[in-house]
């Protein structure tokens, strides 16, 4: 299954990106409640690529594990374990 963004305008759906599917396929079209906002079509936005490494050096994994251990200790002390 593939999900892709598009724009509905005057009875036609225009896909934002090209897809490699050539054969006829069934599709489900979902209309979002939010209005369409024009963006610069030449601007390539890839949030995963753009945000990759933005927290490097902050030791977030270690902080998360420490926080979970503290939460576990609190829960264990509440229940007398």
Worksheet, complete the sentence: Counting only residues in segment 35-68 that are surrounded by 10 or more Cβ atoms within 10 Å (Cβ to Cβ) and part of a helix (DSSP H, G or I), the one modelled with the lowest pLDDT is identified as 50
Item to complete: Give me the pairs, please: first residue somewhere in segment 18-34 and in a loop (DSSP other than H, G, I, E, B), second residue anywhere and at pLDDT below 85 and loosely packed, with under 10 Cβ neighbours inside 10 Å, beta-carbon distance under 7 Å, and either six or more positions apart or on two chains.
Response: 19/2
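State the number of residues belonging to segment 14-27 that are closer than 15 Å to residue 37 by Cα and modelled with pLDDT of 85 or more.
The qualifying residues number 2.
The values are calculated or read from the model by the stated rules, or taken from the named source; none is laboratory data. Keep in mind the model is a prediction, meaning the values are calculated, not measured. When we count neighbours, we look across all protein chains shown, and the Cβ atoms used for this are built from the backbone with ideal geometry, even at glycine.
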